[in-house]
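Below is one structure, written out as structure tokens, with a few remarks after it.
What follows draws every value from the coordinates through simple rules; no lab data is involved. Because the structure is a prediction, the values reported are computed rather than measured. Cβ: placed from backbone, ideal geometry, glycine included. Neighbour counts: every protein chain shown.
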Amino acid sequence: MKINDKPTKNQVELLKFLGSDYSAKIIDLELCLYRKLNDTYDFEVSGASRKGRKMTVYVWDISKDTGYGAKMVESVRDIKTAEHLKQTLDELAVRYMNEC
């Protein structure tokens, strides 16, 4: 199974909108938007390949391992717009930056 490792037009636009803290990364066979917040948490945005598709943000505790040992601590579903995505990620970043 070939995985597309090049961001789609929508993902490129979202990455520009979100800023340089975010990148594209293959996670569980999907090219996702990604941010390593700190040594304890990272963010994964799934479902961002096409405009108008509902996106989900996952917050992972990576303090023990970044692979299969990572533990999902929160998810936010049904994000429909770039603005809603940015607002959600900004709120999560403030919350999880302060929990370290």
task = Run down the lysines and flag those whose C-alpha is under 29 Å from the C-alpha of Lys16, throwing out any fewer than 8 positions away in its chain.
result = Lys2, Lys6, Lys25, Lys36, Lys51, Lys54, Lys71, Lys80, Lys86
ask   = Normalized C-alpha radius of gyration of the chain, against 2.2 N^0.38 Å?
value = 1.02
ask   = With θ set to phi - 60° and the Karplus curve 6.51 cos²θ - 1.76 cosθ + 1.60, what are the ³J(HN,Hα) couplings of segment 21-37 in order, to the nearest whole Hz, using x for Gly and Pro?
value = 6, 10, 9, 9, 8, 7, 9, 6, 6, 10, 7, 10, 8, 9, 9, 8, 6
inquiry  = Please compute the length gained on full extension between Met72 and Thr88, using 0.36 nm multiplied by the number of residues separating them and subtracting their Cα-Cα distance.
reply    = 4.1 nm
task = Arrange the peptides 68-74, 25-31 so that the one whose residues have, on average, the most other Cβ atoms within 10 Å appears first.
result = 25-31, 68-74
inquiry  = For Lys64, give me every one of the aspartates and glutamates with a C-alpha distance below 18 angstrom, ignoring sequence neighbours fewer than eight places off in its own chain.
reply    = Asp39, Asp42, Glu44, Glu74, Glu99
ask   = Remind me, what semi-axes does segment 13-61 give for its equivalent ellipsoid, largest first in whole Å, using sqrt of 5 times each Cα gyration tensor eigenvalue?
value = 17, 13, 9
ask   = What is the Cα radius of gyration of segment 48-100 over 2.2 N^0.38 Å, N being its residue count?
value = 1.26
